[in-house]
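Worksheet: one structure, shown below.
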Amino acid sequence: DYKLWEEICYEYTKHIVERYGIDRVKNWRMQCFNEPDASNFFMSDYPGGIENRELRAKEYSKLYESFARGIERVNKEVVFGGPTIAGSTQFLEIFLNNIKEKNIRIDFISAHTYGTEPKFINNKNAEFQTDSIINRYYSYKEVIEKCGFSHIPIIIDEWGMATCGFYNVEECPKFMDRETEVFSSYFTKLIYDFVDNNINIDKLMICLSGQHEMVTDFSGF
């Protein structure tokens, strides 16, 4: 029920504007859903939803449209965007083309750029490397420019040395590096790579997924 979803977004936005004031809230970034291109997050119980990424992208576009309408009914100064994708450029392209066709507002494009797959680290086929993050950014940028959104800021709202932020040393012993100075060295190298490649990112955030599953300290999360 997209009309109900619009009302939820409207009521939530109205609540935070009334509580904190528009001068504060307009500095925040509202996002619609998390990783809708990942089948375990969006439409996972819908027949064919897991296999059909194109179907999920079209449905997400409807979700985003209602989300945007709900927010704009409150105050047009509130900043919002999406699609907060896990990695699918196909999903990103369908979404951007849909909102372009309907002239739906988007203030920023958000995406995730996780690094090496743990399975490749475990079987010694790969190490932690910043190249995967840089390459992922360029694949997004290519689609963004192709769809005519090169003027819209890009936000990396999740990134990490490896995928599967909820894994620890039990799943991948090498993840202990995320508890040591290796992590800070990796982060420094990543920043240098962004500078050297003249990559313009509006904001770089870090995801602390896995923290909620910690049983002991320093276990690779």
Count of segment 93-140 residues which are part of a helix (DSSP H, G or I) and at positive phi
0
Kindly evaluate residue 156 against the criterion of being touching a residue at least 40 places away in the same chain (Cβ under 8 Å), open to solvent by less than 20 Å² (accessible area, probe 1.4 Å) and not charged (D, E, K, R).
yes
Neighbours by Cβ (under 8 Å, 6+ apart or cross-chain): first from segment 60-76, touching a residue at least 40 places away in the same chain (Cβ under 8 Å) and more than 19 Å from residue 20 (Cβ to Cβ); second among the charged types (D, E, K, R) and open to solvent by less than 10 Å² (accessible area, probe 1.4 Å):
66/6; 67/6; 69/6
Filter result for the condition that a residue is within 19 Å of residue 39 (Cβ to Cβ) and modelled with pLDDT of 95 or more, over 148, 82, 70:
82
State yes or no: is residue 106 of a type in the set (Val, Ile, Thr), under 30 Å from residue 73 (Cβ atoms), touching a Lys or Arg at 6+ places or on another chain (Cβ under 6 Å) and buried (at least 17 other Cβ atoms within 10 Å of the Cβ)?
no
Consider residue 79 against the criteria (1) closer than 29 Å to residue 162 by Cα; (2) surrounded by fewer than 19 Cβ atoms within 10 Å (Cβ to Cβ); (3) in contact with a Lys or Arg (Cβ under 6 Å, 6 or more places away or on another chain): it satisfies all of them except one. Which criterion is unmet?
(1)
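The values are calculated or read from the model by the stated rules, or taken from the named source; none is laboratory data. Bear in mind that the values here come from a model prediction, so they are computed numbers and not experimental data. For neighbour counting, all protein chains shown are included, and Cβ atoms are generated from backbone atoms with ideal geometry for every residue, glycine included. The area values use the complete protein model at the heavy-atom level, side chains included, leaving out ligands, DNA and RNA. Shrake-Rupley method; radii C 1.70, N 1.55, O 1.52, S 1.80 Å.
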